[in-house]
Each structure stands twice: as structure tokens, then as C-alpha cells.
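Any read-out appearing in this document is the output of simple, stated calculations on the displayed coordinates, not a laboratory observation. If you're wondering where the values come from, they're calculated on a predicted model, not measured in any experiment. Counting neighbours? That spans all protein chains shown, and the Cβs are built from the backbone with ideal geometry, glycine included.
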Ligand SMILES: [Zn+2]
């Protein structure tokens, strides 16, 4: 495309709100962004929520190819165009075309900067630097926050967000991906990552997005968030509290809320309603192949147990229907469909009205069984060729797996998945496992290396290519059946929120099952869900609080308590519309407990539109506090209150947008729905409501505007 003189270009292509004069501007109620046009770059950010202005220098890209490095300043700008929400430029350089865009949605408090590279010859793509911004504003302090906090190596957390704090608000920026190579110092950051892939002529590679947003200080900032809890997935026994990731670097409440608002916008609203799901593996169902009809009939009884409890989803109890040896033997032209016994169970689930979730795996046919093998023994070239990191993990975990960053294998695996799903027996699809072939306990700690010279990645660094392949696998399932419930465990659950594109529900942090006391378990569920939201920026509706002790090992004595079932169930229901149950489906529980569970799940189903939103009250779960959450939609809502202590305590919450999400002016009625028969109040918008919560109990209030 020929170079268009700047004045002509802007006058011809920029409509309505634009003028030919510099600076170019994108703006909405939260942000005003000023750009220089050549080279196209952001030069100023006005936080319209506070009135503060950050000037920006150095917002330019650099692309490192095998054939040389392309700096934006030396690339030829071929075009410039814009509309109300975006500004775009095309650059041409030797061997590659670069499409650059900035997008500011009308209601968004963040801008996205994206690059797409189209290659005109075969090459290698080694590093993408999306931007190198240096910010200046009075009193600016820039900090780096790393998350999620897993593993034993501080500083190895997969994701980074940079917060630039000024007197009245913050700016936040980062790359929307795990394991990037961004750096920061002083008031400057470099947002970069290492694709480390081969590219071919004609191929377009969309690059990872940069986000840059703003927020204003809020009343909630006067209460610092608790320091991050470090939990270690390499200790499958339990999440472990170790230490702060980096002392003092914790998001402010306003920053956290702004990040979650961005990830909600980015990931989209909930696609499903209330989804109570049982995990077959942890619920005394078959973990290996069905050896007899009696085996599968026993699991059919397990499904009936779950249906009696009102649980209407289950994730398969073993990968690929338990047919591990069949998966090991699949050849190039074989097709996959569940065998007769696996199918019998799935048909029974359908007859019971239950949604079944297909349990797929990625690099090994069964990551947790000695029967598990890499797929396709006839294709040794498809194996991950361990570098130092993968070798260490293979030694620790006796693991071996395929390399997913290898197009022929990826395409074969995608076909096998599509064939399983096209049976129509599944309403959900799950991924679990690891890039390394092990059970997945290391994926959050170290990036993937593979030394193969024949895969998509360059020999050595297979990390981004592996992440990208997993992303495409999710996208494939979404494209095949848009209404599928996509459920992910590892590795995405450890990689963080930017690995959850197309995901409806993500395995929770507290994955080992809850303990014997339903009271303590309820507090843990609410606390861990808050970490997931406030520290890791995962929308609450994608988290999946987990209830009751694991029954994966059926030889251990049954731990079941009928005490405080209301408390644990309401803790989970208040945290997310997605729940995961570990149930003793074969050992059994008292009928009255089944009835209690069913009653609450039926109640929650009727409230699902309210459960899709959540505003946490300020206190965190502590023995001497009342915590809770508000769920307001329009002129009605719910408020959950929890008192873990042994004395009655008064809760208070504000009927305001910031306090509970309540916007409706005028009077409203507040009634106690649980326990039934409690007091009532009439309040007005702006009032602070006080409510006494008995010891060791949960209270549910309904709020409704007076008509
Ligand atoms: Zn590889």
C-alpha cells in the first residue's frame, strides 16, 4: 500500500469526532488518549475519573525476527485510519507487514493496543516488544505486581501488572498473557514477550495485547487487601501459606476492582446459569477402565445419588471415559467415540437430565495413571524433547508427553476431541494435565522448553507456542459448539486469568477438598474465592468454589458432617454460580442431608441472575468479623452475611453503588430470607443498614425497591 501523506490520510479517513490537527484523540467518560501520528504512538493519558494526566514517551513497538530487528521508528507507515473507538496504522518493513491498533470501547476504562504481523517470507519470530512506555505525572510511583502466587520461587509468578499510583488514582498496564518478559524500572516499563516460533510467508500472527487503564481511589482503599497467600500446587496435599510474594506490593482495592472490571469485559459475561457440578474422580466413581457391566452400573447409581442431591452436572471420573489403553493405541486414521460402557453411563446421565463434561487431556492419555502414555506411539517426533526444565520435571514426575506446540499433533488431537464431542452425549468439555506430560503440578512455576527442531517453536523455548496451542484448543471447542460449558483445570488454572479466554469455569484454588468442619470450610471457601477475585483478577463467576472432602481415595475413612450444611452451602453459593462437589456417592450420606443440599441448590437455581453479580462487603472472613457479599440487579437483590465467631455480631453495609451495587433511589424493603422469620427493615438509598447475625451462622437478606 502506498504511503499516504499524513494530512490527507487523517482528513480522508477520520470521521466525526476527529480533526486533522494533532494530537489524535480517543476519548470516553473514563479516558482521554492523545496520540502522535507518525510514528503512531500514545503521548498522553488523561484519567478523566480523577483529572490526572500522565505523559507518555517511548510507546513504540520492536519486532525481533531471525532476519533482523524492526523498530517502529524506522518502519514505513503505509496507512493511518481511525473512528470513534480505534486508531489504526499499517507499517511495512522488510519481510513483514505490521498492523497496529489502539481500541477504546465506549464504556471501557482501559485501552487495548494490538499488533498483527503478516509475513511475506519464511522467518523466525523471536521477540515482540509491544511498547516501551515511560510515564510522567506529579507524584507518580510505579510498582510491579506478580500473580497468581504459586510455587516456591518468589518472582516466578506467571503474570505481571504494573500499577502507576498518583494522588487521586492509578494507571495500570501489562500484557494480557502469562510468562511474558516485561520489565520495569523507575517510571518506565518494557512490555515484551518471546514467541520463539517459526513463521511462513503469508502467515498472520496476532500478537498478545497490551492493556492500559485507569481508576480512581475509593473509600475501600482505606482497608489494604491482605497480603497474597502463596499456595503450592507441587504439594498436592494442601495449599500452603508461605510468605508474601513481594512484601508491600499488593493491589489497592480500587486497582483490583478496575482489573476485575477489565477481565470481565475481556472474558465476557457468564454464558450459563447456576451450575452445580460433581467431580467424578473425587466422588467415589471409577478412576480406571470399566472392567464389567457391574462397574458402570455402580457409577449409574452414583449419578442417581447426585441427582437426588440436586446436582445436575458431573465431570467424567476418568479422562477419555476411562478408555486409556484404547487412547494409547489410536493410530493416524482411527476415530474416537466413547465405548459401550462409557456411553451407557452418559446416556443414563442424559435420562436423569444431567449435563456430562467430557474429560480431555492434552499431552498424555491419562496423566494420573500408570497406564497413561503420550498419544500416537507411531509418531516419536511428536514427543516433547526435554530441555533442562522439562527434563527436571520428567525426572521428578516420571512423566513423558507430546509437545502440543507441534501442528500435526495439534490437528490430530483437535480432531479426536471434535469426534468425542460430536456424539452429542456431552454438554461440557474439560481440559486437565500439563504441557510436560506430568499431572500438572509444575506448569505455574516454570515455562515449557522443548529442544525439537521440527516443531512450531524454535528449539529450546516452547512456552508461548504451547500456551497459544492451548488457547486455540479452547477456541476450537467454542467454535464447534458455542453453548458448550468449557471447564479448565491445569495448566490454565495456574497460568492465571489471561489463559481463560473461552473458559466458562476454572478449577478453584482450594482444590484438595474441604475439611471435616463445614463451618471452617465455609470460611475457607469465601476467603479463597476472594483471593481468586481480588488478588488474581479472576471474575467470580469463573471461579468454582469446591465443597466437601475428597473421596478420590476410597480406602480412607469417610469424613462427613451434617453440622452447618447451610453455612457451607451458602458460603459457596454466595461466591459463584459455579460450584464443584466432592461427594461420597457410594458410601452415602443421610437422606436429610441430601434434602438440605437439594433445597439450597433449587433455591440458588431460582436466584441465578443475582448470583452472576457479586460485590464483596469490606470485611474478610475472620472469627471476630461479619463478612458477606451483595448481589444486586436493578431494583432487587440478595445480601449474604456470615458470622464465623461464637458471639452475635452486627453487620453493616451501605445501600450505595460503591457499598453494595444498589443504585435505585427511594425506599426499599429488606427482609431476612434465612433463617426464616427474622426482622424486616425499610431503608433508603444511601443508608447504612445494620443487621445482627447470630454466632456461627449465615443470614440471607432480600432487598427490594418499594413500588
Ligand atoms: Zn516441541
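The figures follow:
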{"read-out": "Percentage, to the nearest whole number, of Cα pairs in region 319-474 over 28 Å apart", "value": "20"}
{"read-out": "Neighbour-count order for 674, 536, fewest beta carbons within 10 angstrom listed first", "value": "674, 536"}
{"read-out": "Gap separating the Cα centres of region 185-220 and region 543-569, nearest whole Å", "value": "41"}
{"read-out": "Relative contact order %, region 447-556, counting alpha carbon pairs below 8 Å whose residues are six or more apart", "value": "20"}
{"read-out": "Equivalent ellipsoid semi-axes - Cα gyration tensor, region 346-422, angstrom", "value": "29, 16, 9"}
{"read-out": "Relative contact order (%) - criterion: Cα under 8 Å, at least six apart; region: the chain", "value": "9"}
{"read-out": "Residues 685, 457, 564, sorted so that the one with the fewest Cβ neighbours within 10 Å comes first", "value": "685, 564, 457"}
{"read-out": "Cα-based shape type of the chain, given that a ≥ b ≥ c are square roots of the gyration tensor eigenvalues and the cut on a/c is 1.5", "value": "oblate"}
{"read-out": "Ranked 591, 221, criterion: other C-beta atoms within 10 Å, fewest first", "value": "591, 221"}
{"read-out": "Mean residue ellipticity (222 nm) of the chain, computed from DSSP H runs ≥ 4 via -39,500 (n - 2.57), nearest 500", "value": "-6500 deg cm²/dmol"}
